[in-house]
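The structure under discussion appears below in the form of structure tokens.
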Protein chains: 2
Amino acid sequence: MNPLDAAGRLVRDALGEGEICGTCGSRVAGLCRPLDAATLDDVLAEAEHVTFAARDHLFQEGDKAGHVFTLVTGTAKLVRLLPDGREQVVGFRFAGDVVGYTPSGTYPFAAQLLTAATVCRLDRRRLDSLMRSYPALERRFLDLCIQELTATQDQLVTVGRRTAEARLAAFLLSLAESGRQRHLPGPVLDMPMTRADIADFLGLTLETVSRSFTAFRRRGWIREPSHGRVELLQRQALTELIDGDAD
Amino acid sequence: MNPLDAAGRLVRDALGEGEICGTCGSRVAGLCRPLDAATLDDVLAEAEHVTFAARDHLFQEGDKAGHVFTLVTGTAKLVRLLPDGREQVVGFRFAGDVVGYTPSGTYPFAAQLLTAATVCRLDRRRLDSLMRSYPALERRFLDLCIQELTATQDQLVTVGRRTAEARLAAFLLSLAESGRQRHLPGPVLDMPMTRADIADFLGLTLETVSRSFTAFRRRGWIREPSHGRVELLQRQALTELIDGDAD
DNA sequence: CGTGTTCTTGATGATCATCAAAGGTGGTGG
DNA sequence: CCACCACCTTTGATGATCATCAAGAACACG
């Protein structure tokens, strides 16, 4: 299970890819797909299409949960804050993923963009009434949520029981899996997150992450052709590190 | 958020407590409450009432997900296995909690009992057809799942960013919160898990957990009147450890 | 071209894992 | 009822992993 994007991916897979959104001209949000054409129009009339700059927040932890977002382009991190100001990244979200659905009144984490992005934003009350009309939509969210729960449990295993290098290996492989799920071809992966973001995701310091990257590079396991990109040259080695370095 | 039992607790809170199950004579499973009397009878006719011994498994990781369980009495741990045989405990479940709902075909983790237990077991297909008839039931599961997701994210923060003692403090406080939610009065908490179970939950070794318990005892923060019980004498100190020791 | 951010690398030390052994507790059967 | 045994817990000694502190290099951006 891929801790990075199981949630969004599930919707995407279940709903099909590559659809063109009648309203915003980009790939249809995972949310809309199970609706018939008339209702789809209805929903999309309500959905706003907004652009954000890198580092903007879609919402802060504790904000009133007024919207559900779908990333059309760009990447975001989901962050929980600690009392002392440090952060734990609880997940990353990519183009096509749904962000910010919660039945409670406030968001339990912040969503901050790593890149400039365009999002489809749907009013929360509108979605709730849609869910009442279309139980299939609710079912979709349940499936999505359980996938995400499973992914978070996987991440708990990684953070709780693996060495620094094994954690990074798990991260890189999940990043590759995430790209594969989005049908992104080619061996080179986009990696818009900084070493600090990765460290906050893996429960490490940025120095340790950097050293692990260096180690992988020196061993010829990965290549970084440019800033923000990686290529996995020895997946087998990364996999063995995860399975074996656990003891 | 309490990582121990948010899932079960939510259902319990939403559905009320202390109901007597017409079929099994014990507190009604959270699942059944939103149903009208006729349907409730219908469901309970299908539910089996089973007893297990301590250390029995309700199911193993990867088993076909044939049933949903509600703990009537007893405590269970939810466990993911690593390739080398070590475990990560992803949660604990107490009387009244629901265990083992997953939309996928197999359980993503094992559920092993810490104590002897009685459970209400409901066939998965039966539940699915019920959910089709009663969207409110599905909604219940969605709320429950998001609560559990939030709890798991909290646990990720604890395991990823806190010291050994702060992790144990967080565990003890969540145990107390869990007892409070179940309306268990009195200052002394049941703690049926071993040091090894706690270690596997917190991403530590059992020795480190034991040393932290000893440290708390010496400082007068906790008391263990007997095996399997704790009393928190200085919650304030435990809370400050969590908030402050994070840096 | 300069400035701020990110990344790398090194030196040092703290936290926690590991290895080891002994004391405690509960359960079982003689 | 006692004794034995398995399991759990505690405590100590040692060392590895990773955090911290520090400084310089590479890079992006204006």
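Quick note: the coordinates plus some simple rules give every number you see, no bench work behind them. This structure is a prediction, so every number in the text was calculated from the model and none was measured. When we count neighbours, we look across all protein chains shown, and the Cβ atoms used for this are built from the backbone with ideal geometry, even at glycine.
Numerical summary
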read-out	value
Residue exposure sequence - A:TYR134, B:TYR101 - by fewest surrounding Cβ within 10 Å	A:TYR134, B:TYR101
Residues B:GLU46, A:GLU207, A:GLU138, sorted so that the one with the fewest Cβ neighbours within 10 Å comes first	A:GLU207, B:GLU46, A:GLU138
Two-decimal log10 I(q)/I(0) for the range B:80-198, as the Debye equation yields it once each C-alpha is a single scatterer, q = 0.11, 0.15, 0.21 Å⁻¹	-0.48, -0.89, -1.53
Inter-label distance, nm, simple model (7 Å from Cα along the C-beta direction), A:ALA215/A:ARG86	2.0 nm
Those lysines that a straight Cα-Cα span of less than 22 Å connects to A:LYS64, excepting residues fewer than 8 apart in one chain	A:LYS77
Pairwise centroid distance, computed over Cα atoms, of the range A:204-236 with the range B:147-182, Å	33 Å
A:ALA196 paired with B:GLU231, simple spin-label distance in nm, labels 7 Å along Cα-to-beta-carbon	4.7 nm
Taking A:ARG93, A:ARG180 and counting other C-beta atoms within 10 Å, the order from fewest to most	A:ARG180, A:ARG93
Value of Rg/Rh across the range B:162-244 [Cα atoms, Kirkwood radius]	0.93
Residue mean of other protein chain beta carbons inside 10 Å, B:83-90	5
Per-residue ³J(HN,Hα) for the range A:77-83, Karplus 6.51 cos²θ - 1.76 cosθ + 1.60, θ = phi - 60°, Hz, x for Gly and Pro	10, 9, 10, 10, 8, 9, x
